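Data first, discussion second: the structure below is written as structure tokens.
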Amino acid sequence: MSTRPLDGITVVSLEHAIAAPFCTRQLADLGARVIKVERPGSGDFARAYDKQVKGQSSHFVWVNRSKESLTLDLKQPAALAALKTLLKTADVLVQNLAPGAAARMGLTAELLQKDNPRLILCDISGYGNDGPYRDKKAYDLLIQSEAGFLSVTGTPETPSKAGNSIADIAAGMYAYTNVLAALLQREKTGKGSVIDVSMLESLSEWMSFPLYYAYDGADAPPRNGASHATIYPYGPFKAGDGKTVMLGLQNEREWAQFCETVLEKPELAIDERFDKNFKRNERRAELLQIIDACFSKLSSTELIARLEKAQIANAHLNDMAGLWQHDQLKARNRWTEIDTPNGQIPALLPPGLNNSYQYRMDPIPAVGQHTESILGELGIDSATIESMRSSSAI
């Protein structure tokens, strides 16, 4: 097997839900050993979100493959001592505990880097490690609200959240890339660093188009459902068979092609009502009547054929069943199988093909599956391990 980029790197994670687990799963994809510290008995509370995947949580199976599960009750001295021993030789500590929880246990850079100067610490929180919102509880939907995401997403009547955990995902991605950068930095300096990732700041970065659009008190992009807020036509349109086709125009050349080949009205391209995007955007209702009159006579297959002929970007409005069966994912061999405590399940390979290594796609762990072996590596004898189990420290 080829060498992976993070082979030999050990990541310890005090994680739950999505943001930190998504970060560390991607580190595991690249070969890192990820030791996931969980509560004895129940484990990460995301394990119990639902039972959609062979009795297991859809959230959990997504972000926890290729990890080892170590159960520790960190309120008990023996368990906390074991964690600190583990961190003396680890490369990275990722945590998204409640604000201040890690510090109260002595898991600070000041203390941990005394024993391990090369240790990288990555804190993921809702609002960051300082400022007036530091101690405020933060969940994905709440951050979507604070970052203005809901204000530009949905219909004119109804602000809507994203259908996935976009704030958690944003924070997990920035934590992941920051850890990779810190590992590169450590190669130059020989020292670890401290990373402070905020969900609010992560999603605010992703909001920068509508943010700048509303620069200096200007109106923000309006909510337009699945249609583009400022470009038209760009969004969902009904074909004559009742199916929805997505299409998008980016420039005046495409508008002319759309008029000639799709609408079969070439004169419309130079119609003064519609010859610039801002005019089309202002006259959406009027233009929609013209488009609907054409599309209502075509099946979705015929409409897509015209769009393809005109080289106009288009897409099917897929549901989850459609995505499971997507021809392009199959053609590029993007699916593999991974093991779980309840049997094998399909899993998407991580985005990005690299011809020098294969991603790690190892099993999802049961709660505490690796506890005894990890504690044994730390030199803790079997009698002590049994005592810790008896006291529910593990």
Applying the selection to the range 341-357, what residues are on the phi < 0 side of the Ramachandran plot, under 21 Å from the mean Cα position of the chain (by Cα) and of a type outside the set (A, V, I, L, M, F, W, C)? P346, P350, P351, N354
Only residues in the range 63-77 that are on the phi > 0 side of the Ramachandran plot count as the first member; pair them with residues that are surrounded by 19 or more Cβ atoms within 10 Å (Cβ to Cβ) and of a type outside the set (A, V, I, L, M, F, W, C), Cβ under 6 angstrom, at least 6 apart or cross-chain, and list the lot. S66/R360
By residue number, the members of the range 338-354 that are free of Cβ contacts under 8 Å to residues at least 12 places away in the same chain and either over 18 Å from Q52 (Cβ atoms) or in the same structural domain as T261 (by TED's automatic domain parsing) (or both) are P351, G352, L353, N354
Checking M246 against (1) surrounded by fewer than 17 Cβ atoms within 10 Å (Cβ to Cβ); (2) under 30 Å from L287 (Cα atoms); (3) aliphatic (A, V, I, L, M), which single condition isn't satisfied? (1)
Leading residue by the ranking (farthest from the chain's Cα centre (by Cα)) among those in the range 358-376 that are polar (S, T, N, Q) and part of a helix (DSSP H, G or I): S373
From the option list D219, D140, D168, single residue qualifying as at pLDDT 95 or above and acidic (D, E) is D168
Of a type in the set (V, I, T), within 30 Å of S387 (Cβ to Cβ) and surrounded by 15 or more Cβ atoms within 10 Å (Cβ to Cβ) - does that describe any residue in the range 346-366? yes
Being surrounded by 15 or more Cβ atoms within 10 Å (Cβ to Cβ), at pLDDT 95 or above and either closer than 30 Å to L141 by Cβ or assigned by TED's automatic domain parsing to the domain that holds K161 (or both) is the requirement here; does S227 meet it? no
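The values are calculated or read from the model by the stated rules, or taken from the named source; none is laboratory data. Quantities reported herein were computed from a predicted structural model and do not represent experimental measurements. Glycine gets a Cβ as well: all are built from the backbone with ideal geometry, and neighbour counts include every protein chain shown.
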